[in-house]
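Novice: Got a structure for you, written out below as structure tokens; questions coming shortly.
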Amino acid sequence: QLCNEDYKFWWKSFLNGASVGFYFFIYSLWYLVVHLELVGFLSVVVYISYMGLVCFAFALYCGGVSLFSSFWFCRKIYAAVKVD
């Protein structure tokens, strides 16, 4: 990505990390259907709402870690390049 001078790699690195939160949400829906025996519509709505918030926060956290680690890596490799 950097060799092609794609300077929008920030969003790609953030979305790669944040995809873990999306996978976590899909897994929580599978867990709801297969393992949980919730009775009533409101119970299902509350479960999906809370899991959506938790997964969104987890996606932001993992995306942030991915973004800052790619930023740190790029700073390190460009600092090692000698310009003569």
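The values are calculated or read from the model by the stated rules, or taken from the named source; none is laboratory data. What you are looking at is a predicted structure, and each value in this text was computed from that prediction instead of being measured. Cβ coordinates were reconstructed from backbone atoms using ideal geometry, including for glycine residues, and neighbour counts include every protein chain displayed. Just the protein is used for accessible areas: all its heavy atoms, side chains included, with ligands, DNA and RNA removed. Shrake-Rupley method; radii C 1.70, N 1.55, O 1.52, S 1.80 Å.
Novice: Calculate, in nm to one decimal, what Trp30 and Leu53 gain on full extension: separation in residues at 0.36 nm each, minus their alpha carbon distance.
Specialist: Extra length from Trp30 to Leu53 when fully extended: 6.6 nm.
Novice: Evaluate the charge dipole of the chain about its Cα centre and quote only its size in Debye, nearest 20, assuming +1 on the Cβ of each Lys and Arg and -1 on the Cβ of each Asp and Glu.
Specialist: I would put it at about 260 debye.
Novice: Please report the accessible area of Val65 (heavy atoms, 1.4 Å probe, ligands and nucleic acids excluded) in Å², nearest 10.
Specialist: The value for Val65 is about 80 Å².
Novice: For the chain, what is the accessible area per residue in Å² when the probe is 1.4 Å?
Specialist: About 82 Å² of surface per residue is accessible.
Novice: Pop out the ³J(HN,Hα) list for segment 10-22 in order, Karplus 6.51 cos²θ - 1.76 cosθ + 1.60 with θ = phi - 60°, rounded to Hz; leave Gly and Pro as x.
Specialist: These are the phi-based 3J(HN,Hα) values: 4, 5, 5, 5, 5, 5, 5, x, 6, 5, 5, x, 5 Hz.
Novice: Which ³J(HN,Hα) values, rounded to whole Hz and listed in residue order, are derived for segment 54-65 from phi using the Karplus coefficients 6.51, -1.76 and 1.60 in 6.51 cos²θ - 1.76 cosθ + 1.60 with θ = phi - 60°, glycine and proline given as x?
Specialist: Taking θ as phi minus 60°, the curve returns 5, 5, 5, 5, 5, 5, 5, 5, 5, x, x, 4 Hz for segment 54-65.
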